[in-house]
Each structure stands twice: as structure tokens, then as C-alpha cells.
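Report on the following structure.
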Amino acid sequence: MANTSSAKKCVRKMARKTEVNKTRRSAVRTTLRKVEDAIIAGDQKLAKEALISAEPAIMRAVGKGIFHKNTGSRKISRLAKRVKAMSA
């Protein structure tokens, strides 16, 4: 339990930031799920559109500190590879 007033304030700040980060992470996961669903359904056009909208969302999350830079790049790379494989 926080004892000093500054520690109590830190706890309040962490709670607020946790909520914001949770919301952002959830939004990114939703965009990723849309790409995954389109790939599973075999709809290449929908998958490309979903990937185009997912890429900036992932990189925005990287900029906000939700994901590490390499994690974001890896996710985008793997999704792009799977979408590209649909056309072959």
C-alpha cells in the first residue's frame, strides 16, 4: 500500500494509464482480428483492406508504448506475408 502522498498519486496515475492502454490494446487486437477473419474466410480484397487499416493502428500503438517496435513490425510483416500468399 502506498504511504506517501506522491506514491498515492502514482497509483492513481497508473490506474488511469492502465485503462487508456487497455482500450488502445483492445482496439489494435480488433483490427488484427479483422485481418485474421478475412484471411480465414479467403476474402483477399477484404484482407488487404483490413491490413491497410491495421498497419497504422499497430504503429500508432508502438508510438504510444503499447507494443515494442519490433513486435509491431513483426505482426505487420507476418500478416502482410499471409495476405500476399492468398494471391499466389
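Legend: calculated FRET efficiency, ARG12 to LYS69, from the Cβ-Cβ distance at R0 = 30 Å, rounded to 0.05, equals 0.55. The packing ranking of peptides 36-42, 47-53, highest mean first, is 47-53, 36-42, where packing means the average number of other beta carbon atoms within 10 angstrom of each residue. Listed values for the range 20-27 are Karplus-derived 3J(HN,Hα) couplings in whole Hz (6.51 cos²θ - 1.76 cosθ + 1.60, θ = phi - 60°), namely 4, 5, 4, 5, 5, 4, 5, 5, and x replaces Gly and Pro.
Compared with the dominant Cα axis of the chain, that is its longest principal axis, helix 44-64 is turned about 20°.
Taken as Cα centroids, the range 1-23 and the range 59-86 sit 29 Å apart, rounded to the nearest whole angstrom.
Counted by Cβ distance under 12 Å from ALA88, the other residues give a net charge of +3, where Lys and Arg count +1 and Asp and Glu count -1.
For a straight C-alpha distance cut-off of 18 angstrom, the aspartates and glutamates reachable from LYS34 (same-chain residues fewer than eight places away being disregarded) are ASP43, GLU49, GLU55. Counting only alpha carbon atoms, the long axis of helix 69-87 and the longest principal axis of the chain meet at about 20°. The Cα trace of the range 5-87 gives Rg and Dmax of 16.0, 59 Å, the first to one decimal, the second as a whole number.
Fewest Cβ neighbours within 10 Å first, please rank VAL28, VAL62, VAL35 accordingly.
Ranking VAL28, VAL62, VAL35 by Cβ neighbours within 10 Å, fewest first, gives VAL62, VAL28, VAL35.
Sorted fewest first by neighbouring Cβ atoms within 10 angstrom, MET86, MET59, MET1, MET14 come out as MET1, MET14, MET86, MET59.
Across the options ILE66, THR18, LEU46, the greatest Cα extent toward the positive end of the charge dipole of the chain (unit charges at beta carbon of Lys, Arg, Asp, Glu) belongs to THR18. Take the Cα of ASN3, step 7 Å toward its Cβ, do the same at SER87, and the gap between the two points is 6.3 nm.
No lab work stands behind these numbers, since they all come straight from the coordinates. Here the structure is a predicted model, which is why all the values come from computation and not from measurement. Ideal geometry is used to build each Cβ from the backbone, glycine not excepted, and the neighbour counts take in all protein chains shown.
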